[in-house]
1. What pairs come out if I take residues in the stretch 300-329 that are in contact (Cβ under 8 Å) with a residue 12 or more places away in the chain and in the same structural domain as Gln354 (by TED's automatic domain parsing) and pair them with residues that are crowded, with 24+ Cβ neighbours inside 10 Å and of a type in the set (Ser, Thr, Tyr) whose C-beta lies under 8 Å away, six or more apart or interchain?
2. Any idea which residue in the stretch 349-382 is surrounded by the most Cβ atoms within 10 Å (Cβ to Cβ), counting only those that are at pLDDT 95 or above and not in a helix (DSSP H, G or I)?
3. Filter the stretch 328-348 down to the residues that are part of a loop (DSSP other than H, G, I, E, B) and either under 27 Å from the mean Cα position of the chain (by Cα) or of a type in the set (S, T, N, Q) (or both) and list them by number.
4. If we scan the stretch 103-117, do we find a residue that is closer than 30 Å to Glu315 by Cβ and either touching a His at 6+ places or on another chain (Cβ under 9 Å) or not in a helix (DSSP H, G or I) (or both)?
5. Where in the stretch 239-291 are there helices (runs of 4 or more DSSP H), lying fully within it, with 1 or more residues that are among the basic types (Lys, Arg) and out of contact with any helix residue (DSSP H, G or I) (no Cβ under 8 Å at 6 or more places or on another chain)?
6. Please go through the stretch 196-220 and pick out each residue that is part of a loop (DSSP other than H, G, I, E, B) and surrounded by 20 or more Cβ atoms within 10 Å (Cβ to Cβ).
7. Would you say Thr58 is in contact with a Phe, Trp or Tyr (Cβ under 7 Å, 6 or more places away or on another chain) and either without any contact (Cβ under 8 Å) to a residue 12 or more places away in the chain or among the β-branched types (Val, Ile, Thr) (or both)?
8. Given the conditions (1) modelled with pLDDT of 95 or more; (2) under 25 Å from Gly239 (Cβ atoms); (3) surrounded by fewer than 19 Cβ atoms within 10 Å (Cβ to Cβ), and given that Glu315 satisfies all but one, which numbered condition is not satisfied?
Amino acid sequence: MANAQLKEEIIAYSKRIGIDKIGFAAADPFVSFKNRLLEQQQLGFESGFEKGSIEERTNPSTLLPEAKTIISIALAYPSKLKNAPKSKKGDRRGIFCRASWGEDYHHILRRKLQALEEFILTKVEDAKCLSMVDTGELSDRAVAERAGIGWSGKNCAIITPEFGSYVYLGEMITTISIPPDTPIEDQCGTCNKCVEACPTGALVQGGQLDSNKCIAFLTQTKDMLGERYRKKIGNRLYGCDTCQVVCPENKGKDFHHHPEMEPDPDIVKPQLIPLLTISNKEFKRKFGRISGSWRGKKPIQRNAIIALAHYKEKEALPTLFHLLESDPRPVIRGTAAWAIGEFTEKSCEEKLIQAKNREKDPNVLYEIDKALKNKEFDKIQG
């Protein structure tokens, strides 16, 4: 079968199984991307979540010998939450980023790639294929850029002309030689809105991200969140959409092509106070289906505590006092101490003093001492 004909058949099949966009790229080494990765490494901008060596991440043939082509796919996801519950005094809510709405996208894309691979093997029996989504060695973004899915925006996301940057990406390396597509020319131009809007300055410049400052990364960490970032995350429980929301290319983009991606409003915008004492079993039952649960409940609970302090939600104080007194995890006790220090009630000072007298963990004690020095307490005492 002529490879140009095979390409058309793959494209037609991809549409039948609900793949919104597909592109083809040569499986040559990603030379310029490798140089960028080396620079990121030298600057200390990596997140630590990266998989594989830089060579594996930039040379497809190290992953699949005789690799000839990489097929990139994109699925559009919703950007607007229908029937969103209101966050109000006494019933404050947090938010999961759009990329975590609905069923975990890793599962969705893997099913699409598996179906695509099975189709390809019916056409070329001796073909070898290797698929990956997000957690694989290859950069979904670098592959999608080369395959003409979209251009790499200043917000470090792939921006497609059709769906903006609200797309999930996956790819398949194959030993079949298929005519490549043409990359899309960068359309960002002089626009710098994402860089200017980044809450923490993580977008060092257009197209360069310091992952360690990125809220999307910070919300997934399991340790104490750095003090300078606590008031930046607002009510975010997982991820950050700021650089996408401000992008002009995303204006009016909202697609509901895939029922499994539709969000449950009460899950992606959950009540904060109940999150603080949720059991492991209940957390998995309620949130286990979404990608934002992959790090477990501790980061989500830590972020929920910070969100309640952000709202100055007095209704949360009894639960925060309970966490400070009896939660076995130092990160949760320490974050609770910081949050309590953000309130001005006299009972907060009393609870912090009691906690200081019994606390043994040095990091928690540090947070308690800092909270007790809160200028608002000084005003109360005066």
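The values are calculated or read from the model by the stated rules, or taken from the named source; none is laboratory data. As the structure is a computational prediction, the values presented were derived from the model and not from experiment. In this analysis, Cβ positions are derived from the backbone assuming ideal geometry, glycine residues included, and neighbour counts consider all displayed protein chains.
1. Close Cβ pairs satisfying both conditions: Ile300/Tyr238; Arg302/Thr335; Asn303/Thr219; Asn303/Tyr238; Ile305/Thr335; Ile306/Thr335.
2. Step by step, filter the stretch 349-382, then rank; the result is Glu359.
3. Quick first cut of the stretch 328-348, residues part of a loop (DSSP other than H, G, I, E, B) only: 328-329, 341-345.
Those that are part of a loop (DSSP other than H, G, I, E, B) and either under 27 Å from the mean Cα position of the chain (by Cα) or of a type in the set (S, T, N, Q) (or both): Arg329, Thr344.
4. Of the stretch 103-117, the ones closer than 30 Å to Glu315 by Cβ are none.
No, there is no match, as no residue in the stretch 103-117 is closer than 30 Å to Glu315 by Cβ and either touching a His at 6+ places or on another chain (Cβ under 9 Å) or not in a helix (DSSP H, G or I) (or both).
5. Values: elements: 242-245, 265-268, 272-275, 280-287.
Ranges flagged: 280-287.
6. Narrowing the stretch 196-220 to residues part of a loop (DSSP other than H, G, I, E, B): 198-202, 206-207, 210, 214, 219-220.
Scanning the stretch 196-220 gives Cys198, Ala202, Cys214, Thr219.
7. Details: in contact with a Phe, Trp or Tyr (Cβ under 7 Å, 6 or more places away or on another chain): yes; either without any contact (Cβ under 8 Å) to a residue 12 or more places away in the chain or among the β-branched types (Val, Ile, Thr) (or both): yes.
The answer is yes for Thr58.
8. Failing condition for Glu315: (2).
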